[in-house]
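Quick note: the coordinates plus some simple rules give every number you see, no bench work behind them. The model shown is predicted, which means the values in this text are computed figures rather than measured ones. For neighbour counting, all protein chains shown are included, and Cβ atoms are generated from backbone atoms with ideal geometry for every residue, glycine included.
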Amino acid sequence: MKIKVKGRIRDLLAFRRLVPARRKRFASAPVLSRGAAPLNQLVGQLHPARQNLIVSQVRQETPTTRTFRLTADSESGTSSLAPFRAGQYLSLKLEVNGSTITRPYSISSAPFEAAGTDGYYEITIRKNENGFLTPRIWENWNVGTRIVSSEPTGLFYHEPLRDSRRIVGLAGGSGIAPFCSMAKEIVSGSMDALLLLLYGSVSREDIVFYDQLSALEIEAPENIRVVHVLSSGEKAEGFEQGLLTADLIRKTADVENSTFFICGPQVMYDFVFNELAQLNLPQRRIRSEVYGSAVHIEQAPGYPLEAAGQTFHVKVHIGGVTANLAALAGESLLVTMERAGLAPPSRCRSGECGWCHSHLVSGEVYIHPGRDGRRAADLKYGWIHPCSSYPISDLEISVPRGDQ
Ligand code: FES
């Protein structure tokens, strides 16, 4: 449409005709389905709402650790795998005793291995005999088992614009998984970094990926170095004894020029953060992956001990439904809702991703200071992450109905 401007006077009538003219154009335009637009297709491939996967291989890594290879389940509608960055995780959606729960697992394979029609992810899981989920996974996951997951997600990856080229990985147990992914990606030439891995295990037989890591070190000795540390006191040539101490880090790493990445069980974090504090590192050079709820919340800093052991009443609004639940003080609100079969949205389960973001209508919660990923506006307007929030009074929350 042409709009004339005569001198300083605009053609106001032309402006009035804009809306009907636009309506006419819309009416005569060809119908394009949203899904067919190339950009939408690309977005769908990069960030699928869900991925249908199938277990195609199971490998025993150590007496207590298995790796599960997951490929696209084309019969269920997933023809290729979403790409990821080394260090990211998948949030798996699982049905247990009639409840839908999620669990995050780091991807131990490399990004280049997920590409193409034969691409795959691998996740490596340590069995916790007294755990809620891992014994079930070990019993029920075989070749052919179908699994639903999120797109790859998480912030635990090397970002050259932010991180040093030198990385020190501090790993414990199955926390080696994201570092295995990084090491493979470095050796493939797709990731430009130098990785020193300080990997703590109880004994020699507990080391996950020993052969793989040794092979990667041999293939790229300039880029990859692995130092195994055994805590059991077992003596073995070429292995360090003890824990991931500040002394060991000073002895092996270029402390001043490295970014530190940490992944392992909670007990390891507690120890390693104390050791790193002795090195006076700026916070921006410490990156940690914390997935899963805090254990023994009553021992967390600032927890109000008078709440310990109590049961509170929680009113939950979710997806047009209101439920009244009994909530144990020691369990996160996310677990309380999952137990009740409400299937609340979640991914990281540690307060970081914001996927479970919910409104605290009334009442009080305790939030673990190491797992409080809320923004200032959340604090101001009463938003919480139920995965890292524990009831310390009766309360009411409103939870968005997510769909993974
Ligand atoms: S699940 Fe990630 S913040 Fe709650």
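Details
- Computed across segment 37-123, the Kirkwood hydrodynamic radius from all distinct Cα-Cα pairs reaches 14.0 Å.
- Cys residues of the chain that find no other Cys beta carbon under 4.7 Å: C180, C263, C356, C387.
- Rounded if a/c under 1.5, otherwise prolate or oblate - segment 166-289, Cα gyration tensor axes: oblate
- Coordinate range along principal axes, alpha carbons of the chain, Å, largest first: 89, 55, 50
- Cα pair distances in segment 314-404, grouped into 10 Å bins until the bin that holds the longest one, percent each: 19, 59, 23, 0
- Cβ-based exposure ranking for R284, R85, R225, R250, in which fewest neighbours within 10 Å come first: R284, R250, R225, R85
- By the count of other C-beta atoms within 10 Å, a proxy for reagent exposure, K235, K127 are ordered fewest to most as K235, K127.
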